[in-house]
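Asks: Below is a structure I'd like to ask you about.
The values are calculated or read from the model by the stated rules, or taken from the named source; none is laboratory data. In this text the structure is predicted, and so the values were computed from the model without any measurement. Please note: Cβ atoms are built from the backbone with ideal geometry, for glycine as well, and neighbour counts cover all protein chains shown. Remember, those area values only see protein heavy atoms, side chains included, never the ligands or the DNA or RNA. Shrake-Rupley method; radii C 1.70, N 1.55, O 1.52, S 1.80 Å.
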Amino acid sequence: MIVVMKPGATDEQVQHVIDLVRDYGLKDHPIYGSDRTVVACIGDKRAVDKGAIETAPGVERIVPILAPYKMASTEVKRERSQIAIGPAGFPIGGRKVGIIAGPCAVESREQLLRAADAVKAAGAVGLRGGAYKPRTSPYSFQGLGVEGLQLLAEARERTGLTVVTEVIGLEQIDAVAEYADVLQIGARNMQHYPLLEAVGETGKPVLLKRGMSATLEEFLLAAEYIINAGNKQVILCERGIRTFETHVRNTLPLASIPELNDKTHLPVVIDPSHGTGHAYMVPAMCKAAIAAGADGLLVECHPDPEHALSDGAQSLTPAALRDLTGVLRHIADAVGREL
Ligand code: PEP
Ligand code: MN
């Protein structure tokens, strides 16, 4: 349930409500909006005397939260969440559209620094690149591990870009959190609940990818795990789902953007690289995603896609990325956003 405070309710009145809620054994999540404060209360409400809370000073009313994902829901918070990422605190979820680009995997110092320079020159805010790769085959390149993380940190030092990289298991969380600005949870791990809770405990922004066969409700419940562990800085990433279609690697449902924007206040980023599997399709999907209201893009870009150790076929060249961001600027402008 949500305790809606009256506009102008005092800090003491809000604190009193929080104390009452805690007395009933519920978890309190106060949300301070621009015109009023609400206190979302999560837990078993059977023993709660709603009347006692409703008549407390400064309380306007109590409303139930109908969505199963409580804290992620727009029922609790209508204002869009802005999540500050990286050294410059770039706000994902505001007026600006954030482009995060880079190779699928960190392969070498030369490859990563060339990619980082290209990504920076194209006007992106973030550098992506996996140091730990969740590969379908155990014989495929698995990533450089800690060495890859150190290279990402060096690239950040050189360019000022925000580092986004995947954490594939509980055992790497400390290392990844030490070097990365944003922790990526991959599609294959969207329902790895202990991992979601653990990244929730790091307090670092999390880029959560949609599972390849997850419904949007399951996706939002995965985000809820992270928020419930104490971390509200969740960025959702639609990366396409498995369907019967074979002309694309995954089917990228851009309708997720308006649906998620309706159901949640969390920012939504689109990954057209994994969402299509083909570099030539990526620009069209990027344009459509921004036009449809995406808050950002996660795009694979490799200095030499033909020799990439993973996902070369869906990776843009540096020149293609630069051309693309030039066009995206106009699209963003046309829909009241900025690149
Ligand atoms: C990735 O971003 O490189 C990746 C592995 O993506 P996904 O988890 O969406 O397959
Ligand atoms: Mn990839």
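Asks: Among the numbered conditions (1) within 16 Å of ligand 2 (Cβ to nearest atom); (2) more than 23 Å from residue 325 (Cβ to Cβ), tell me where residue 269 comes up short.
Replies: (2)
Asks: Just to be sure I understand, how many residues within the stretch 230-253 are within 16 Å of the chain's Cα centre (by Cα) and open to solvent by 30 Å² or more (accessible area, probe 1.4 Å)? Full working, then the answer.
Replies: Filtering the stretch 230-253 for residues within 16 Å of the chain's Cα centre (by Cα) gives 230-240.
Those still in the list that are open to solvent by 30 Å² or more (accessible area, probe 1.4 Å) too: 230, 232-233.
Residues flagged as within 16 Å of the chain's Cα centre (by Cα) and open to solvent by 30 Å² or more (accessible area, probe 1.4 Å) within the stretch 230-253 amount to 3.
Asks: Also, I was wondering about something else. Please work out if residue 294 is assigned to a loop (DSSP other than H, G, I, E, B) and under 19 Å from the mean Cα position of the chain (by Cα). Walk me through it before giving the result.
Replies: Details: assigned to a loop (DSSP other than H, G, I, E, B): yes; under 19 Å from the mean Cα position of the chain (by Cα): yes.
Yes: the conditions hold for residue 294.
Asks: Further question: Select, from 98, 145, the only residue that is closer than 17 Å to residue 295 by Cα and either small (Gly, Ala, Ser) or touching a residue at least 40 places away in the same chain (Cβ under 8 Å) (or both). Full working, then the answer.
Replies: Numbers: 145 fails: closer than 17 Å to residue 295 by Cα.
None of the others qualify; the one that does is 98.
Asks: Here is a list of conditions, (1) over 17 Å from the mean Cα position of the chain (by Cα); (2) more than 16 Å from ligand 2 (Cβ to nearest atom); (3) not aromatic (Phe, Trp, Tyr), and residue 82 meets all of them except one; can you say which number that is?
Replies: Unmet condition: (1).
Asks: Please work out if residue 14 is open to solvent by less than 80 Å² (accessible area, probe 1.4 Å) and modelled with pLDDT of 95 or more. Write out each step before concluding.
Replies: Numbers: open to solvent by less than 80 Å² (accessible area, probe 1.4 Å): yes; modelled with pLDDT of 95 or more: yes.
The answer is yes for residue 14.
Asks: Looking at 303, 283, 318, which is the one that is more than 16 Å from ligand 2 (Cβ to nearest atom) and farther than 23 Å from residue 95 by Cα? Explain how you work it out, then say what you get.
Replies: Values: 303 fails: more than 16 Å from ligand 2 (Cβ to nearest atom); 283 fails: farther than 23 Å from residue 95 by Cα.
Only one candidate qualifies: 318.
Asks: Could you count how many residues in the stretch 37-58 are within 26 Å of residue 266 (Cα to Cα) and over 26 Å from the mean Cα position of the chain (by Cα)?
Replies: Residues in the stretch 37-58 being within 26 Å of residue 266 (Cα to Cα) and over 26 Å from the mean Cα position of the chain (by Cα): 2 in total.
Asks: Moving on. Wholly within the stretch 175-239, which strands (runs of 3 or more DSSP E) include no fewer than the required count, namely at least 3 residues that are assigned by TED's automatic domain parsing to the domain that holds residue 43?
Replies: Values: elements: 182-185, 206-209, 234-238.
Counting at least 3 such residues, we get no strands (runs of 3 or more DSSP E) at all.
Asks: Which residues, counting only those in the stretch 266-291, are surrounded by 18 or more Cβ atoms within 10 Å (Cβ to Cβ), part of a helix (DSSP H, G or I) and among the aliphatic types (A, V, I, L, M)?
Replies: Listed by number, the residues that qualify are 279, 281, 282, 285, 289, 290.
Asks: If only one of 263, 209 is open to solvent by less than 30 Å² (accessible area, probe 1.4 Å) and basic (Lys, Arg), which one is it?
Replies: Details: 263 fails: open to solvent by less than 30 Å² (accessible area, probe 1.4 Å).
The match here is 209.
Asks: What is the one condition in (1) more than 16 Å from ligand 1 (Cβ to nearest atom); (2) touching a residue at least 24 places away in the same chain (Cβ under 8 Å); (3) more than 30 Å from residue 33 (Cβ to Cβ) that residue 110 does not satisfy?
Replies: Residue 110 satisfies every listed condition except (2).
For every residue, the table says whether it meets (1) touching a helix residue (DSSP H, G or I) at 6+ places or on another chain (Cβ under 9 Å); (2) closer than 20 Å to residue 114 by Cα.
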position	(1), (2)
135	no, no
144	yes, yes
148	yes, yes
208	yes, no
214	yes, no
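Asks: If you check residue 162 against the conditions, is it surrounded by 16 or more Cβ atoms within 10 Å (Cβ to Cβ) and closer than 27 Å to residue 317 by Cβ? Before the answer, list the steps.
Replies: Working: surrounded by 16 or more Cβ atoms within 10 Å (Cβ to Cβ): yes; closer than 27 Å to residue 317 by Cβ: yes.
When the stated conditions are applied, residue 162 passes them.
Asks: Would you confirm whether or not the stretch 225-242 contains a residue that is in contact with a Phe, Trp or Tyr (Cβ under 8 Å, 6 or more places away or on another chain) and closer than 21 Å to residue 206 by Cα? Let's see the steps before the verdict.
Replies: Start the filter on the stretch 225-242 by keeping residues that are in contact with a Phe, Trp or Tyr (Cβ under 8 Å, 6 or more places away or on another chain), which leaves 225, 236.
Those left that are additionally closer than 21 Å to residue 206 by Cα: 225, 236.
Checked the stretch 225-242: at least one residue is in contact with a Phe, Trp or Tyr (Cβ under 8 Å, 6 or more places away or on another chain) and closer than 21 Å to residue 206 by Cα.
Asks: Quick one: would you say residue 100 is assigned by TED's automatic domain parsing to the domain that holds residue 290, within 30 Å of residue 151 (Cα to Cα), touching a Lys or Arg at 6+ places or on another chain (Cβ under 6 Å) and buried (at least 17 other Cβ atoms within 10 Å of the Cβ)? Before you say what the answer is, go through the steps one by one.
Replies: Numbers: assigned by TED's automatic domain parsing to the domain that holds residue 290: yes; within 30 Å of residue 151 (Cα to Cα): yes; touching a Lys or Arg at 6+ places or on another chain (Cβ under 6 Å): yes; buried (at least 17 other Cβ atoms within 10 Å of the Cβ): yes.
Considered against the rule, which asks whether it is assigned by TED's automatic domain parsing to the domain that holds residue 290, within 30 Å of residue 151 (Cα to Cα), touching a Lys or Arg at 6+ places or on another chain (Cβ under 6 Å) and buried (at least 17 other Cβ atoms within 10 Å of the Cβ), residue 100 comes out as yes.
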